[in-house]
Amino acid sequence: MENYSYPNLWRGCVGAWCPSEDRSRSNRLTDFSGYNNHGVLTNMDPATDWVPSQGKIALDFDGVNDFVSCNAPSIGSITQSATVVFCFILNTTGASQSGFSIGVGSTARWQAHFPWSDNNIYFDFGGSMGVNRLTVTGQSWTVGVLEHVVLTTGSSGMQCWRNGALVGSNGNTPTRTNDTNTFEIGRFDTIYFPGSMHEFRVYNRQIIPSEIATLALRRGIAFETERPRRYRVASASTNRRRRLICGSNC
């Protein structure tokens, strides 16, 4: 395998979307994980929703009806250990907002609301909404500030990390059934996300604190778009040419 700077952060990564590394600027959001979970921009305009942000490119959600729909069986089939990473900037606060979901309405088996109108973060995994839930209270938010939220579930229970710090956890180790619904970024049912997305990724494992710290510190440093692949080994010179790292504030 090639000597990538952060190969461990590709282990178990089944979805990796980074607008700053996506050269298409079209109605498709490219999945760099190698699992082809490419997203379709829904109710969004490629001409105006790919926006400059913090010296990079982000995807702007209006909070009204914008979302990205991904036909992602590799995500739907995750039944136990999992991680979701979301790097974003809010355009508004005080309203009920949603980061992602898979499943529909009260039967959603995997979804998160952040931020919510009561300054809580709600993370559901397994069963109907609210059955297996982590609630993190007292999370105030500021418009225009880059945030990094990591939600994990597995043998260490359900956890929520914000900007590299553990802000909530419980001892639950829920399981969920295979779900054939689409994975949606920026929407749960009729609740939408208002802000710019810098990075979104999903793992089929519960990543560890040191990995979370690396992701939070550099905000997307693991996005080397020519990721390590099982079936291909490039020369060192090719690797140098093709390696793309977002750097800080991806």
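Let's see how each residue does on (1) over 22 Å from Ile208 (Cα atoms); (2) surrounded by fewer than 21 Cβ atoms within 10 Å (Cβ to Cβ); (3) touching a Leu at 6+ places or on another chain (Cβ under 7 Å):
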position	(1), (2), (3)
Ser77	no, yes, no
Phe86	no, no, no
Ser96	yes, yes, no
Asn119	yes, yes, no
Phe123	no, no, yes
Considering residues that are buried (at least 22 other Cβ atoms within 10 Å of the Cβ) and either over 14 Å from the mean Cα position of the chain (by Cα) or not small (Gly, Ala, Ser) (or both), the number found within segment 23-43 is 4
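Determine whether Ser20 is of a type in the set (Gly, Ala, Ser), surrounded by fewer than 22 Cβ atoms within 10 Å (Cβ to Cβ) and more than 30 Å from Ser155 (Cβ to Cβ). Step through it out loud before you land on a result.
Details: of a type in the set (Gly, Ala, Ser): yes; surrounded by fewer than 22 Cβ atoms within 10 Å (Cβ to Cβ): no; more than 30 Å from Ser155 (Cβ to Cβ): yes.
For Ser20, the condition - of a type in the set (Gly, Ala, Ser), surrounded by fewer than 22 Cβ atoms within 10 Å (Cβ to Cβ) and more than 30 Å from Ser155 (Cβ to Cβ) - is not met.
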With the condition kept exactly as written, say whether any residue in segment 205-216 is outside any strand (DSSP E or B) and of a type in the set (Lys, Arg).
-> yes
Listed by first then second residue, the pairs whose first member lies in segment 150-176 and is assigned to a strand (DSSP E or B), whose partner is of a type in the set (Phe, Trp, Tyr) and crowded, with 23+ Cβ neighbours inside 10 Å, with beta carbons under 6 Å and at least 6 positions apart or on separate chains, are Val150/Trp161; Leu151/Phe123; Thr153/Phe125
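With respect to Asn65, determine if the residue is under 30 Å from Asn36 (Cβ atoms) and either of a type in the set (A, V, I, L, M) or at pLDDT 95 or above (or both).
On the way: under 30 Å from Asn36 (Cβ atoms): yes; either of a type in the set (A, V, I, L, M) or at pLDDT 95 or above (or both): yes.
Here the answer is yes, as Asn65 does meet what is asked.
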Inspect all residues belonging to segment 86-96 and state whether any of them is within 29 Å of His38 (Cβ to Cβ), hydroxyl-bearing (Ser, Thr, Tyr), assigned to a helix (DSSP H, G or I) and touching a residue at least 24 places away in the same chain (Cβ under 8 Å).
-> no
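The values are calculated or read from the model by the stated rules, or taken from the named source; none is laboratory data. No experiment lies behind these values; they were computed from the predicted model shown. We place every Cβ from the backbone using ideal geometry, glycine too, and count neighbours over all the protein chains shown.
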